[in-house]
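The values are calculated or read from the model by the stated rules, or taken from the named source; none is laboratory data. As the structure is a computational prediction, the values presented were derived from the model and not from experiment. Cβ coordinates were reconstructed from backbone atoms using ideal geometry, including for glycine residues, and neighbour counts include every protein chain displayed.
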Amino acid sequence: MRVAIAGAGVSGSYLASCLAEKGIAVDLYDLPHQNTCSISPCAWMATREIVPLVRSAGLDPARYILNRFSSAIFQGREFGVDLMTIDKPALIRDLRGDLPVRCGPFNPGDYDRVIDATGTARTYLPPIADDRLVPCIQYRGTTEDLRALPEVRCVYGGYAWSFPLGDDRYHIGCLSHMADPSPLLRDSGLLDGMKTKCGCRSYLRVTSPSGALPFVSGNIWGIGEATGCVYPLLGDGIVPALRSVGLILASWDDPEAYRRAVLSTFSRMKAEYDVLNALNTGERVGLIDILSTNFMRLGVRVNPGKAREAYTDAVSVWSCCPGK
Ligand SMILES: Cc1cc2nc3c(=O)[nH]c(=O)nc-3n(C[C@H](O)[C@H](O)[C@H](O)COP(=O)(O)OP(=O)(O)OC[C@H]3O[C@@H](n4cnc5c(N)ncnc54)[C@H](O)[C@@H]3O)c2cc1C
């Protein structure tokens, strides 16, 4: 069997090395990256589930953890969490090991199977009817005004973040469902005092897998963000991308079993998508609705009073258009 994998991001690189290990002939393709970090999108925060996943890929998680956090600041209030920033470029490099990455287009007909691991591009699977891609802006920078904890501040229709990457380095960004994230990030204050080294714009797919069918079309099978495997509220897709590799390998010859496995493994993403839609249409969303999604993956330890206060504050900022 000859397999082509389009996309040498997290999911494509990991699947390529798993297949190569099984003795399957695999060609891994990507596009030339223009940015300095040589990956797109650049993303750094991970939940604790990444530790066993990286270990089961035969790698040592400690090599990739830049910082581990037991607290984070949300809307100016400190919460207990279990999160970590990781060196995603190094992880992707090591996941694919010695496998070469080919550049340029290829003919899907030359392969028995083509894996669409192209993330938001979803280049090979059929387009999604009601796809939801949210614009993001992100920078890496340094500052002398050290911030030890990750911080998230809500903005109109989204949020801005600042994640410590070790030493004086930070990943700062913003996404918004309602407006250009660039001025919202500037107004959030998180860029203040930051010397930016590089920046780029990109998109995040918040459609969730249930809205991103089909996962298989002819000899094309999708994995990772191409199939909507991203938590829509917070936008974390690294762990789901890694998990989707295990799912496709377990259902390699059974498209229907693969469809069921993705939908059931990530069923909470649909719940988050519904909460997100309600937030964006101004419907009343209670704290309990948020907590009933898979929020506990963040390892949040909540003082109910403080959580309610931060949440009320967050919703009012999320729904308030600046200047109106
Ligand atoms: C601004 C931003 C910040 C984020 N922050 C986080 C975070 O902190 N934590 C987290 O868990 N998730 C985060 N995410 C989401 C996370 O980065 C993705 O969900 C995850 O990387 C998806 O992995 P993937 O392998 O499916 O696709 P990707 O990692 O997106 O890889 C897709 C690859 O396909 C390549 N490609 C595209 N088109 C083609 C083509 N035609 N042919 C060949 N190759 C192609 C791309 O160049 C890329 O290398 C963030 C996303 C964004 C946009």
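Residues satisfying the criterion are present in region 159-166 (criterion: touching a strand residue (DSSP E or B) at 6+ places or on another chain (Cβ under 6 Å), on the phi > 0 side of the Ramachandran plot and more than 11 Å from the ligand (Cβ to nearest atom)).
Scanning region 106-143 for residues that are within 11 Å of the ligand (Cβ to nearest atom) and free of Cβ contacts under 8 Å to residues at least 12 places away in the same chain returns no hits.
Criterion first (outside any helix (DSSP H, G or I), among the charged types (D, E, K, R) and surrounded by 19 or more Cβ atoms within 10 Å (Cβ to Cβ)) does ASP236 satisfy it? Considered against the rule, which asks whether it is outside any helix (DSSP H, G or I), among the charged types (D, E, K, R) and surrounded by 19 or more Cβ atoms within 10 Å (Cβ to Cβ), ASP236 comes out as yes.
For the structure I just gave you, tell me whether ASP82 is closer than 17 Å to ILE238 by Cα and assigned to a helix (DSSP H, G or I). It is false that ASP82 is closer than 17 Å to ILE238 by Cα and assigned to a helix (DSSP H, G or I). Taking the criterion of being of a type in the set (A, V, I, L, M, F, W, C) and either assigned to a strand (DSSP E or B) or buried (at least 23 other Cβ atoms within 10 Å of the Cβ) (or both), the residues of region 146-163 that qualify are VAL152, CYS154, VAL155, ALA160, TRP161, PHE163. Tallying residues that are under 21 Å from PRO232 (Cβ atoms), more than 19 Å from the chain's Cα centre (by Cα) and surrounded by fewer than 18 Cβ atoms within 10 Å (Cβ to Cβ) within region 164-207 yields 3. Taking the condition under 26 Å from VAL155 (Cα atoms), over 13 Å from the mean Cα position of the chain (by Cα) and among the small types (Gly, Ala, Ser), does GLY246 pass? Judged against the criteria, GLY246 is not a match. Condition (residue is within 11 Å of the ligand (Cβ to nearest atom), in contact with a Leu (Cβ under 7 Å, 6 or more places away or on another chain) and β-branched (Val, Ile, Thr)) applied to region 145-158: is it met by at least one residue? Within region 145-158, not a single residue is within 11 Å of the ligand (Cβ to nearest atom), in contact with a Leu (Cβ under 7 Å, 6 or more places away or on another chain) and β-branched (Val, Ile, Thr). Apart from one condition, ASP253 fits all of (1) farther than 29 Å from TYR139 by Cβ; (2) without any contact (Cβ under 8 Å) to a residue 40 or more places away in the chain; (3) in a helix (DSSP H, G or I); (4) not aromatic (Phe, Trp, Tyr); the exception is (3).
Of all the residues in region 58-81, those that are within 22 Å of ARG301 (Cβ to Cβ) and surrounded by fewer than 17 Cβ atoms within 10 Å (Cβ to Cβ) number 7. For region 191-207, a residue qualifies if it is charged (D, E, K, R) and outside any loop (DSSP other than H, G, I, E, B), and the qualifying residues are LYS195, LYS197, ARG201, ARG205.
Hey, any hits in region 241-250 for a residue that's more than 18 Å from ILE50 (Cβ to Cβ) and touching a strand residue (DSSP E or B) at 6+ places or on another chain (Cβ under 9 Å)? There is at least one residue in region 241-250 that is more than 18 Å from ILE50 (Cβ to Cβ) and touching a strand residue (DSSP E or B) at 6+ places or on another chain (Cβ under 9 Å). Restricting attention to region 208-230, the residues being more than 8 Å from the ligand (Cβ to nearest atom), part of a loop (DSSP other than H, G, I, E, B) and surrounded by 24 or more Cβ atoms within 10 Å (Cβ to Cβ) number 4. VAL114 falls short of the stated requirement of being assigned to a strand (DSSP E or B), on the phi < 0 side of the Ramachandran plot, in contact with a His (Cβ under 6 Å, 6 or more places away or on another chain) and at pLDDT 95 or above. Screening region 15-49 for residues that are within 8 Å of the ligand (Cβ to nearest atom) and aliphatic (A, V, I, L, M) and picking the one that is modelled with the lowest pLDDT gives ILE39.
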